[in-house]
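The values are calculated or read from the model by the stated rules, or taken from the named source; none is laboratory data. These numbers were taken from a predicted model, which means no experiment stands behind them. Cβ: placed from backbone, ideal geometry, glycine included. Neighbour counts: every protein chain shown. Quick note on the areas: whole protein, heavy atoms, side chains included, nothing else; ligands and nucleic acids left out. Shrake-Rupley method; radii C 1.70, N 1.55, O 1.52, S 1.80 Å.
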Amino acid sequence: MKGLTRKMPIVDEIRDKLEQAFAPQRLEVVNESHRHRGHSGDDGSGETHFHVTIRAEAFSALGRVARERAVHTALGRDLVGRIHALGLKIEGAQDGAPRDPA
Amino acid sequence: MADAQEQIRQTVTDNDVVLFMKGTKSMPQCGFSSRVAGVLNFMGVEYADINVLADEDIRQGIKDYSDWPTIPQLYVKGEFVGGCDIITEMTLSGELDQLLDQKGVRYDKAAADKIRDANA
């Protein structure tokens, strides 16, 4: 049973919560912490900086601020409080094809 | 706590554009704050920079004020516009120009176009 009590990686925690909340058409959760080693916010855990790309119908009717708020709410105060940085790219189902990344 | 809320309200009321950030506009201390300050600096927007690292009450207070868990936070004419991702996207899409036009805030349109050209 030991394996079951092991702490879930934060990447999986984020993915699970967003899957449940939005049933997204597209979801990518990337741990970018290694790119920020030694920067402010790096606590040595290797789980400080994340980037999420999500596309879901639920965002279609929402403005930019409301979209991010919806994601923050789905993740919950505790999880958001535990991570240092969360980059978000949020698309509604009707949004045009994403631009090339800057 | 109430004091911090009142102080924040006063600051975003008294200044057309306010950026709550980690560090200052000339010496940002976080990559996300640095990105937004860099955009505003380059676009020649006049704004007040509030360093949340200098005041723990403001650092927590601004998150409560906007119900937004992260910093930086940009306010235009008292209204919360967004954090780093939103400001970046709005800059590249031209929505930030539109917002500043609407609110009567001066900025260098050619510089904004230059940012978009460089990221096209």
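Assorted remarks:
- Distant-in-sequence amide H partners of A:Leu86 (H built 1.01 Å from N, under 5 Å): A:Phe50
- Spherically averaged projected area of region B:2-118 from its Cα convex hull (nm²): 6.5
- DSSP-defined beta bridges in chain B - what % are antiparallel, rounded to 5: 65
- For the set B:Thr11, A:Thr73, solvent exposure ranked by accessible area (probe 1.4 Å, protein chains only) runs largest to smallest as A:Thr73, B:Thr11.
- Chain A, relative contact order [Cα under 8 Å, separation at least 6], %: 29
- Comparing A:Val30, A:Val65, A:Val11 in a Gaussian network model of chain A, where Cα atoms under 10 Å apart are tied by springs, the biggest mean-square fluctuation is seen for A:Val65.
- Rg and Dmax, both from the Cα atoms of the protein assembly as shown and both in Å, are 18.0, 63.
- To the nearest ten degrees, helix A:10-22 and the longest principal axis of the Cα atoms of chain A are 30 degrees apart.
- Within chain A, DSSP assigns beta bridges of which about 45% are antiparallel (rounded to the nearest 5).
- When the accessible areas of B alone and A alone are added and the area of the pair subtracted, with a 1.4 Å probe, the result is around 1500 Å², both sides summed.
- Using C-alpha pairs below 8 Å separated by at least 6 residues, the relative contact order for chain B is 30 percent.
- The residue among B:Thr70, B:Leu53, B:Met43 whose Cα reaches farthest toward the positive pole of the charge dipole of region B:1-84, with charges on the beta-carbon of Lys, Arg, Asp and Glu, is B:Met43.
- Segment A:Val11-A:Ala66, extension gain: residue separation times 0.36 nm, minus the distance between their alpha carbons: 17.5 nm
- If you plug the beta carbon distance of B:Ala111 and A:Lys89 into 1/(1 + (r/R0)^6) with R0 = 22 Å, you get a FRET efficiency near 0.35.
- Angle of helix B:2-14 to the longest C-alpha principal axis of chain B, folded into 0 to 90 degrees and rounded to 10: 30°.
- Of the solvent-accessible surface of region B:2-118, computed with a 1.4 Å probe and all protein chains present, 45% belongs to carbon and sulfur.
- DSSP beta bridges in the protein assembly as shown [antiparallel fraction, %, rounded to 5]: 55
- Computed accessible area, A:Thr48, all protein chains, 1.4 angstrom probe, square angstrom: 0
- Angle in degrees between helix A:64-82 and the longest Cα principal axis of chain A, rounded to the nearest 10: 10
- 16 Å Cα-Cα reach of B:Lys114 towards aspartates and glutamates, excluding residues that sit fewer than 8 places from it in its own chain: B:Glu89, B:Glu95, B:Asp97
- With 24 Å as the limit, the listed pairs A:Lys89/B:Lys77; A:Lys89/B:Lys63; B:Lys25/B:Lys109 have A:Lys89/B:Lys77 beyond it between alpha carbons.
- Protein-only accessible surface at a 1.4 angstrom probe places the residues B:Asp67, B:Asp55, B:Asp117, B:Asp85 in the order B:Asp117, B:Asp67, B:Asp55, B:Asp85, largest first.
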